[in-house]
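One structure below.
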Amino acid sequence: MDDVGDRPGAAHVSRFVAGSGTAATPALVLLHGTDGDEEQLLPLGAELAPGSARLSIRGAVETESGFAFLRRFPDRRVDEVDVARRARVLADFVEASCAEHGLAGPPLAVGFSNGAIMAAALLMTRPGLLAGGILFRPLSPFTGEVGQRLDRTPVLVVDGVRDARRSLGDGRRLAERLRRAGAAVTHHVLPAGHALTPRDVEIAHTWLAAFAR
């Protein structure tokens, strides 16, 4: 699992942290933002769900300063054909990794920025792979409607109203698209920019507490 590159079929590097066995929430799949790597979200995962197993994955697209999960055109539009291919590869990797580590039940995705877009793509294209998703600063990976039914899959979407890397309404449009596909979506818009804030973490904590009940 050490081969990376700008190829849809490239394997993913990952880091796995075993859980305590007493966690109330399922294992977390952590998907970093642009220029990040498999270390970026491990502290956030530990803060959000202490005791839960964490599978932190490195994107297979090399960037100037790190990695990403998907490519975008120069005008910042998502390359939808590319993301669909990469989502299939990543979904297979998540399934194989969960089996390898003996994880019971589907994991919960936590994605930030580029990783949140990919987490949304996984939710849209592989129903049942994930127990749900926490999507920080996402936008929709696809312009069309979700072709699969998500059947009350819980999803948290958190936007920043001053996010210079997103267009106004990106998160809302994704949330609405997921709702129309049947997901149980909670959407928050914060007075924040692109970076995560303590309020993001607080909202995710509250959402996870309800998820675990």
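At-a-glance table
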quantity: Residue match in the range 111-118 (condition: buried (at least 24 other Cβ atoms within 10 Å of the Cβ), closer than 18 Å to ALA184 by Cβ and either touching a residue at least 40 places away in the same chain (Cβ under 8 Å) or out of contact with any Lys or Arg (no Cβ under 7 Å at 6 or more places or on another chain) (or both)); calculated: yes
quantity: Residue list for the range 1-60, restricted to those being among the hydroxyl-bearing types (Ser, Thr, Tyr), buried (at least 22 other Cβ atoms within 10 Å of the Cβ) and at pLDDT 95 or above; calculated: SER56
quantity: Of residues in the range 167-182 being hydrophobic (A, V, I, L, M, F, W, C) and not in a helix (DSSP H, G or I), the one modelled with the lowest pLDDT; calculated: LEU168
quantity: Residues of the range 119-139 classified as touching a residue at least 60 places away in the same chain (Cβ under 8 Å), within 18 Å of ARG86 (Cβ to Cβ) and either surrounded by 24 or more Cβ atoms within 10 Å (Cβ to Cβ) or in contact with an Asp or Glu (Cβ under 8 Å, 6 or more places away or on another chain) (or both), total; calculated: 3
quantity: Filter result (of a type in the set (Ser, Thr, Tyr) and within 16 Å of the chain's Cα centre (by Cα)) within the range 160-196; calculated: THR186
quantity: The one condition in (1) part of a loop (DSSP other than H, G, I, E, B); (2) within 15 Å of the chain's Cα centre (by Cα); (3) under 18 Å from ASP200 (Cβ atoms) that LEU44 fails to fulfil; calculated: (1)
quantity: Evaluation of GLY160 against (1) at pLDDT 95 or above; (2) buried (at least 18 other Cβ atoms within 10 Å of the Cβ); (3) closer than 19 Å to ALA109 by Cα (one fails), failing number; calculated: (3)
quantity: Test: residue in the range 68-82 that is touching a helix residue (DSSP H, G or I) at 6+ places or on another chain (Cβ under 8 Å), within 23 Å of SER167 (Cα to Cα) and either without any contact (Cβ under 8 Å) to a residue 60 or more places away in the chain or acidic (Asp, Glu) (or both); calculated: yes
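For every residue, the table says whether it meets (1) assigned to a strand (DSSP E or B); (2) closer than 27 Å to ALA204 by Cα.
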site: SER56; (1), (2): yes, yes
site: GLU64; (1), (2): no, no
site: ARG76; (1), (2): no, no
site: VAL81; (1), (2): no, no
site: ARG85; (1), (2): no, no
site: ALA99; (1), (2): no, yes
site: LEU103; (1), (2): no, yes
site: PRO106; (1), (2): no, yes
site: ALA109; (1), (2): yes, yes
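The values are calculated or read from the model by the stated rules, or taken from the named source; none is laboratory data. Predicted model only: the values in this text are computed from it and were never measured. Neighbour counts run over all protein chains shown; Cβ positions are idealised from the backbone, glycine included.
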